[in-house]
Amino acid sequence: LPEPMIYADHSATAPLSRAALEAMMPYLSGEFGNPSSAYAPGRRAKRALEQARAAVAEAFGVSPREIYFTSGGTEADNWALRFAARRARTGETAVVTDAAEHHAVLRTAEQLAKEGARVKILGVDSECRVSPDSLRAALSEPAAMVSVMAANNETGTLMPIAELSACAHAAGALFHTDAVQAAGHIPLNGKKLGIDLMSFSAHKFGGPKGVGGLFVRSGLEPEPLIFGGGQERGLRSGTENVAGAVGMAAALAEACREMEKNARRLASLRDELIRGVLAIPGSHLTGSPANRLPGHASFVFERTEGEALLFLLDQRGICVSSGSACSAGSAEPSHVLLAMGIPPELARCALRVTFGPENTPGEVGRILAVLPELISRVRGAYPSAGA
Ligand code: PLP
């Protein structure tokens, strides 16, 4: 009998939580009003949207007026960086960011540079962290904004956000963080961490896909990215995704309520997996051993081929990835692993296993039971791969 599927790729996307689904159902059926309509169903939709905004704001320790809903993390990152480019004075650097960011940040920074903005890309250390010293050095020249992610999607490494935001502010720059992987998984208080702008995305913490948001500290007014009917206080037009926002709020509230309990469980699954995998010859943990997301384990294997290993795991019903879902299918080594100084041959052999609340110790056992054999098979089939 085939064994049931193991889903351990929560950094790519998490299953929709029951709480989110139940909260959304009315707004996918009877409560279909447009929040801009003045009659009763419209007013009810508007109320649901504003309650969702308040719940999201509460989760991040900020005010509802500082939350703007978007179509997800990518849009929020694009919006934040465009704001930096607009804000930069002539000759000033628009954005200081780092080489391990998600492409939603890096490709936007590249595009802004093509449009004439000055952009600086910092390196990361071998654990995938941006050092406050390297940021301070980069900020010897003025910059409009610093953008460093809260947690890396490929390595799970947590960045020293509070320290980096303090460096940014000391140099007169704003601080944006892509918190897409961190939100709902680790405590994130916008005020306490000194964050000016923060991107988040519902589908990484049990909400639906295609909805997220940008926190923008009050007093800052980014230019709209999308123009139209003037929704989201004129800054993000388009009829609001009411069900999406309601589902996101329910998922985030639940993730925050259960955060400590989940983090303890996930860290124990993660550490058990890491111990088992590191017993396989030629395996290495990537990212920080100590400062990493609770459910996140990532590795490289010598003399293997990443895509072949994923294929074999998939045949056994095990859903994991090589790093970021977005770069899967391309044989290019991960830009994140290269930025950490991992040689290209090894960076092509990455495995990322990311757990969620429904994963069990039994599933970790099943992954560990098949992995050594599958790695040996790949090594046999590709004897010259991954030096
Ligand atoms: N930023 C990071 C760190 C991510 O991991 C992702 C998704 O993989 C995104 C941004 C993009 O978010 P979304 O899928 O909501 O556009």
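Is region 31-43 home to any residue that is open to solvent by less than 10 Å² (accessible area, probe 1.4 Å), modelled with pLDDT of 95 or more and within 16 Å of the ligand (Cβ to nearest atom)? Within region 31-43, not a single residue is open to solvent by less than 10 Å² (accessible area, probe 1.4 Å), modelled with pLDDT of 95 or more and within 16 Å of the ligand (Cβ to nearest atom).
Looking only at residues of region 194-240 that are aromatic (Phe, Trp, Tyr) and under 13 Å from the mean Cα position of the chain (by Cα), we find that the one that is surrounded by the fewest Cβ atoms within 10 Å (Cβ to Cβ) is Phe205. When region 211-225 is filtered for residues that are free of Cβ contacts under 8 Å to residues at least 60 places away in the same chain and either within 14 Å of Phe69 (Cα to Cα) or touching a Gly at 6+ places or on another chain (Cβ under 6 Å) (or both), only Pro224 remains. The set of residues in region 173-193 being within 11 Å of the ligand (Cβ to nearest atom) and either charged (D, E, K, R) or open to solvent by less than 10 Å² (accessible area, probe 1.4 Å) (or both) consists of Thr177, Asp178, Ala179, Ala182, Ala183. The condition of being out of contact with any Leu (no Cβ under 9 Å at 6 or more places or on another chain), under 17 Å from Leu252 (Cβ atoms) and within 16 Å of the ligand (Cβ to nearest atom) holds for Pro15.
Number of residues in region 278-327 that are under 16 Å from Ala12 (Cβ atoms) and open to solvent by 50 Å² or more (accessible area, probe 1.4 Å): the value is 4.
Strands (runs of 3 or more DSSP E) fully within region 162-231 that include at least 2 residues being under 21 Å from Leu122 (Cα atoms): 174-178, 197-201.
This table checks each residue for (1) more than 11 Å from the ligand (Cβ to nearest atom); (2) over 20 Å from the mean Cα position of the chain (by Cα); (3) surrounded by 24 or more Cβ atoms within 10 Å (Cβ to Cβ).
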position	(1), (2), (3)
Ala94	yes, yes, yes
Glu101	no, no, yes
Gly123	yes, no, no
Cys128	yes, no, yes
Glu154	no, no, yes
Ala162	yes, no, no
Ala166	yes, yes, no
Ala171	yes, yes, no
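Listed by first and then second residue, the pairs linking a residue in region 75-90 that is more than 16 Å from Lys114 (Cα to Cα) and within 16 Å of the ligand (Cβ to nearest atom) to a residue that is β-branched (Val, Ile, Thr) and modelled with pLDDT of 95 or more, with Cβ atoms under 6 Å apart and 6 or more places separating them unless they lie on different chains, are Ala76/Thr70; Asp77/Val105. For region 54-73, the tally of residues that are open to solvent by 10 Å² or more (accessible area, probe 1.4 Å) and either free of Cβ contacts under 8 Å to residues at least 40 places away in the same chain or more than 16 Å from the ligand (Cβ to nearest atom) (or both) stands at 9.
With a requirement of 2 or more residues that are acidic (Asp, Glu), the helices (runs of 4 or more DSSP H) lying completely within region 26-139 that satisfy it span 40-59, 73-87.
The values are calculated or read from the model by the stated rules, or taken from the named source; none is laboratory data. In this text the structure is predicted, and so the values were computed from the model without any measurement. Note that each Cβ is placed from the backbone with ideal geometry, even for glycine, and that neighbours are counted across all protein chains shown. The area values use the complete protein model at the heavy-atom level, side chains included, leaving out ligands, DNA and RNA. Shrake-Rupley method; radii C 1.70, N 1.55, O 1.52, S 1.80 Å.
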